[in-house]
Amino acid sequence: MTTTDVQAVHAVDVRGVHKSFGSLEVLKGVDLTVRQGEVTVILGPSGSGKSTLLRTLNHLEKVDRGSIRIDGELVGYRRRGNILRELRDRDILRQRSKIGFVFQNFNLFPHLTVLENVTEAPISAQRRDRGEVTAEARQLLERVGVADKADRYPKQLSGGQQQRVAIARALALRPKVILFDEPTSALDPELVGEVLDVIRDLARAGATLVIVTHEIGFAREVADTVVFMDDGVVVEQGAPAQVLDHPTHDRTRAFLSRVL
Ligand code: ADP
Ligand code: MG
């Protein structure tokens, strides 16, 4: 087996990633492995670097040091012999379309209808057939329970409906992995459940998911692995029962005692 074969079994492989904003070092050597078909939940206090980590996976931030592989492919770089070259924009778009990203504030395109929000990237970035993409988009809207809103605009929908559209939009890329950055934090409490239900269904269907959330009960239920981040590093990770009920680090214990 070659090295590439070994790495290809992991949906996400982060090694020694460092990232600073000016003099503020936000990621201080992050290692993280996500296996295909698994759900990883990342917990940690505000400011610990969770969003920055997710953003590096999707080229929204560039790392200073370390490496990231998605589905075995080096993110941001291409190897030529022993030389690493930065990718061209076109290749970055291609890499990005392997990853679905669901943001806290939905980030739907306000000037596009719900259906157009879902079909935009597959048609423009992935250059897939419009008819096929549209048919698939309608099925995805059905799956997340907003098929009847296809011709509405985002601002005509509730937060929960918008977030479900955002999930359909992520799925439309046929991504290798979907990243969720606090997907329910901006929602009114009564709308949280409908979004968690959709994410739970994806998890059951075997999707590879990385979810930053403060919903500990949900983490316990859906996660294969819980990762606790603090101050720019992964402090501990393991099965939910292990990390949530028997944390080995004081920092994890202190965090859990605050949120539980
Ligand atoms: P979390 O998602 O865990 O709350 P973030 O990754 O958003 O943490 O932020 C980690 C730290 O990095 C915070 O101190 C934040 O203020 C800082 N930070 C994040 N993005 C930027 C940026 N673009 N410029 C400067 N500082 C940033
Ligand atoms: Mg964040």
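Worth a mention:
- Only one entry in Leu54, Leu60, Leu93 is away from ligand 2 (no atom under 14 Å from the Cβ) and either in a helix (DSSP H, G or I) or within 19 Å of the chain's Cα centre (by Cα) (or both), namely Leu93.
- Within region 158-193, the set of residues being touching a helix residue (DSSP H, G or I) at 6+ places or on another chain (Cβ under 7 Å), within 16 Å of ligand 2 (Cβ to nearest atom) and open to solvent by 40 Å² or more (accessible area, probe 1.4 Å) comprises just one member, Ala186.
- Among residues of region 180-207 that are of a type in the set (Phe, Trp, Tyr), those with a Cβ under 7 angstrom from a residue that is away from ligand 2 (no atom under 16 Å from the Cβ), sequence gap 6+ or separate chain, pair up as Phe180/Ile199; Phe180/Leu209.
- Residue list for region 113-132, filter: in a loop (DSSP other than H, G, I, E, B), open to solvent by 30 Å² or more (accessible area, probe 1.4 Å) and of a type outside the set (Asp, Glu): Ala125, Gln126, Arg127, Arg128
- Tally, over region 174-198, of residues that are away from ligand 1 (no atom under 16 Å from the Cβ) and under 25 Å from Arg258 (Cα atoms): 9
- Number of positions in region 147-166 that are among the aliphatic types (A, V, I, L, M) and within 14 Å of Phe103 (Cα to Cα): 2
- Residue within region 74-90 that is in contact (Cβ under 8 Å) with a residue 12 or more places away in the chain, under 17 Å from the mean Cα position of the chain (by Cα), closer than 30 Å to Gly217 by Cβ and surrounded by 20 or more Cβ atoms within 10 Å (Cβ to Cβ) present: no
- Take the conditions (1) closer than 22 Å to Asn107 by Cβ; (2) away from ligand 1 (no atom under 16 Å from the Cβ); (3) touching a helix residue (DSSP H, G or I) at 6+ places or on another chain (Cβ under 7 Å); Ala223 misses just one of them, which is (1).
- The single condition among (1) touching a residue at least 12 places away in the same chain (Cβ under 8 Å); (2) in contact with a Leu (Cβ under 6 Å, 6 or more places away or on another chain) that Asp64 does not satisfy is (2).
The values are calculated or read from the model by the stated rules, or taken from the named source; none is laboratory data. All figures in this text were calculated on a predicted structure; none of them were measured in a lab. Because the Cβ atoms are built from the backbone with ideal geometry, glycine has one as well, and the counts that use them run over all protein chains shown. Heads up: the accessible areas ignore ligands, DNA and RNA and are worked out on the full protein's heavy atoms, side chains in. Shrake-Rupley method; radii C 1.70, N 1.55, O 1.52, S 1.80 Å.
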